[in-house]
1. What's the total number of residues in region 119-140 that are open to solvent by less than 30 Å² (accessible area, probe 1.4 Å) and modelled with pLDDT of 95 or more?
2. Could you list, in sequence order, all residues of region 243-271 that are under 30 Å from Glu489 (Cβ atoms) and either out of contact with any helix residue (DSSP H, G or I) (no Cβ under 7 Å at 6 or more places or on another chain) or not in a helix (DSSP H, G or I) (or both)?
3. Does Asp98 fit the bill of being acidic (Asp, Glu) and in contact (Cβ under 8 Å) with a residue 12 or more places away in the chain?
4. What are the pairs with Cβ atoms under 7 angstrom where one residue, in region 28-56, is on the phi > 0 side of the Ramachandran plot and the other, located anywhere, is of a type in the set (S, T, N, Q) and not in a helix (DSSP H, G or I)? Sequence gap at least six, or different chains.
5. So, of the residues in region 504-555 that are open to solvent by 50 Å² or more (accessible area, probe 1.4 Å) and among the aliphatic types (A, V, I, L, M), which turns out to be nearest to the chain's Cα centre (by Cα)?
6. Any idea which residue in region 631-658 is nearest to Met1 (Cα to Cα), counting only those that are open to solvent by 10 Å² or more (accessible area, probe 1.4 Å) and part of a loop (DSSP other than H, G, I, E, B)?
7. Report, by residue number, each residue of region 659-679 that is farther than 19 Å from Ser24 by Cβ and either part of a helix (DSSP H, G or I) or touching a Leu at 6+ places or on another chain (Cβ under 7 Å) (or both).
Amino acid sequence: MYLKSIELTGFKSFGKKTELQFGSPIAGIVGPNGSGKSNVADGFRFVLGEQSMKSMRGKRGEDMIWGGSPALPRMNRAAVRLVFDNALVGGKRLLDIDFSEVTVERIVHRDGANEYLLNGSQVRLKDVIRLLAGANIGGSGYQIISQGEADRILNASPRERREMVEDALGLKLYQHKKAESERKLEETAVNIDKTKSLRRELAPHLKFLEAQVERIEKAREMKAELAHKLADYLARENAWLTAEGVRIADDVHERETEIHALQTKLHGARSVKGGAHTESPLLTKVRTLQGELDEARRKRELLVRDLGRAEGAVEAAAITVEHVVPAPHVRDFVREITEAIEEAERSLDVVGIRKLLSQLRERIRAFIEGLSGAAPITNEEARKEVIRLSAALPKAEAEESRITKALEEARSEIAREREAAFAAEREEVQFEAQLREAQSKMFALKSEREHLLEQKRRFEEEVREGIALLGYSFEGWNNHDVPEGALLEERREQEKRRRDIERYKIKIEEAGVGGGEAIEQEYKQTTERDAFLAKELQDLEHSAASLKDLIVELEKTIDARFTDGLKHINEALGGFFQKLFGGGHAKLFVEDSKKVRASRGEELEEGEILEEEELYAGLSIDVALPRKKIRGLEVLSGGERALTSIALIFSMSQVNPPPFLILDETDAALDEANSKRYADMIMELGKKSQLIVITHNRATMSAAGELYGVTMSQDGVSKILSVKLEEAERVAK
């Protein structure tokens, strides 16, 4: 026996805690009308999850709670608890839960809230229903048949009748699985559409990011090439700058040493020369004579110039300007200029040299102007001027010769004085020239050094730009080997490399690699998101296919079990019917949907497909009583309907026997003869299912192994009295 006990606390008329323990296959519950014995059946319905208050003879949840009496105040909740024996039998348990005893309890509060407990732990209603359905236990249908509902299966519609038969055959679990699978399939279809929609929304952005990543990859390749080129360029440049720095430093040191040595020598030479340049009367005389000579030469030169102009004017009519100057005049002019320059070279008097240079400038200007054709207006005037100037010229030349001779004598006198300092002067000039050359080289070296510093600054900027563009990993560029002979190549080769590098930089900038890591990260995340959605879509489609296959398999299983179960129900129904009626037959059959529609005046159009509800057509009953020609449920009397419904209920329970059945006064309408048959059938059913029989019928009582009597005292509370078998037998007789 699976059902061990039921406990009612505050449920309907059971205001106090009441427990019924079941120790035999058939337990009878008896009592007078109004004692509350049918409330036990309602308690079974309640705890097994019945949600219809009408089925439990109430309107709302509060009607299930003890309402109170003068002797016993009302309660705030009602509770019904069932205890099942769940021990292993043949390696299996009644309920699919790893406990040897299982308690199912339902509590309702006055605010309508319900609680469901499984072994004391709160669970959901569907958890309870699913657990019980696995053991072919349900709170409605054929398992609990109350007074006045015995022929409910006869009065039910064909569709409702089919549901009751499916319940009896234990198909509810499969149907629940099918409904759950269909619900999941609908949810999966919605998720598939959502996932496809997400992928469609993601596709353009992913394509855009893919193009961006391709550009970044291309730019990265260019950056790798640039890194190689730049490292080679910088290594060469660094080597050249280092070598140049060393060379310039060596040259600067060498020039500094040379300049210092020359400055020391020059100082010594100037010390020797200083004594020879002391001012003397002879030197004053030389200066005076030199001035007189300069003045004499100037006069002579003016005469020569004027004479040349005059002679040119005479010849102007016959020859061009290029032929007006006589060759002797040119030779005299060249001689005068040469002598003046030589005199300036020998002179140490700066003032005298400047004066001589001024005279030379005037002489040259006068000579040039003489070539410009500025001659007397008439030939006569030009000839007179030539005569006058020709006479004055010898005198000027004689005066110049005299002064020149005197000057040469004075100079000869001082030449000896200067001979001692002449060597020192030459050395000074030589040292000054060498010093200027050394200083010029030093200046060039300083310029080179400044230029080198500028190139170093440019080099450092190129290194910073390289690191900024290529990342800190490029800091190792100086590990790049410098090719042999790199320092011997022309600098223009390095400039070519630099221009090539600049072109690469421009290409990389045009490629737009800024934010590349962020784009790649977004592309990676988007790709992973798309892959995840693709995998999810694949899983969903696979799940949908699996659910469809499962639904098909469940439908096949339901159909096969229904067909096989209906066959066995009809076999049992025939036997029970003949036993109750002494002959005749009764049979359940599946309605033809097309015929049903035709009977309603509806025709199936061409190509029309029946809906699923129509495919699962209802069940009708074919009944034929013995010794009567009438057929059909409509012509049966009340007693005949009661017997027919009992036969049908019992036959349904034989195919897939439930652990227990609750029969609430289903025998009330039977006469004595049929009551005996009913009792026999009860005993037969008790071999397969545990029975709780609520009855007034003595024949039924005699079939029970134990009896519970229900009484109601003046306080309105139902109470249970246990009746021993001996007393039950005596009462039954």
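The values are calculated or read from the model by the stated rules, or taken from the named source; none is laboratory data. Quantities reported herein were computed from a predicted structural model and do not represent experimental measurements. Don't worry about glycine lacking a Cβ; one is built from the backbone with ideal geometry, like all the others, and counts go over all protein chains shown. These accessible areas exclude ligands, DNA and RNA; they are computed on the full protein's heavy atoms, side chains included. Shrake-Rupley method; radii C 1.70, N 1.55, O 1.52, S 1.80 Å.
1. Residues in region 119-140 being open to solvent by less than 30 Å² (accessible area, probe 1.4 Å) and modelled with pLDDT of 95 or more: 0 in total.
2. Step one: filter region 243-271 for residues under 30 Å from Glu489 (Cβ atoms), giving 243-255.
Hits for region 243-271 are Val246, Arg247, Ala249, Asp250, His253, Glu254.
3. Numbers: acidic (Asp, Glu): yes; in contact (Cβ under 8 Å) with a residue 12 or more places away in the chain: no.
Here the answer is no, as Asp98 does not meet what is asked.
4. Going by the 7 Å Cβ cut-off, the qualifying pairs are Gly31/Thr711; Gly36/Ser13; Gly36/Ser718.
5. Ala518
6. By that ranking, first place goes to Pro657.
7. Of everything in region 659-679, those that are farther than 19 Å from Ser24 by Cβ and either part of a helix (DSSP H, G or I) or touching a Leu at 6+ places or on another chain (Cβ under 7 Å) (or both) turn out to be Glu672, Ala673, Asn674, Ser675, Lys676, Arg677.
Per-residue answers, yes or no, for (1) at pLDDT 85 or above; (2) surrounded by 12 or more Cβ atoms within 10 Å (Cβ to Cβ); (3) of a type in the set (A, V, I, L, M, F, W, C):
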{"site": "Glu399", "(1), (2), (3)": "yes, yes, no"}
{"site": "Ile403", "(1), (2), (3)": "yes, yes, yes"}
{"site": "Ala406", "(1), (2), (3)": "yes, yes, yes"}
{"site": "Arg411", "(1), (2), (3)": "no, yes, no"}
{"site": "Glu432", "(1), (2), (3)": "yes, yes, no"}
{"site": "Glu437", "(1), (2), (3)": "yes, yes, no"}
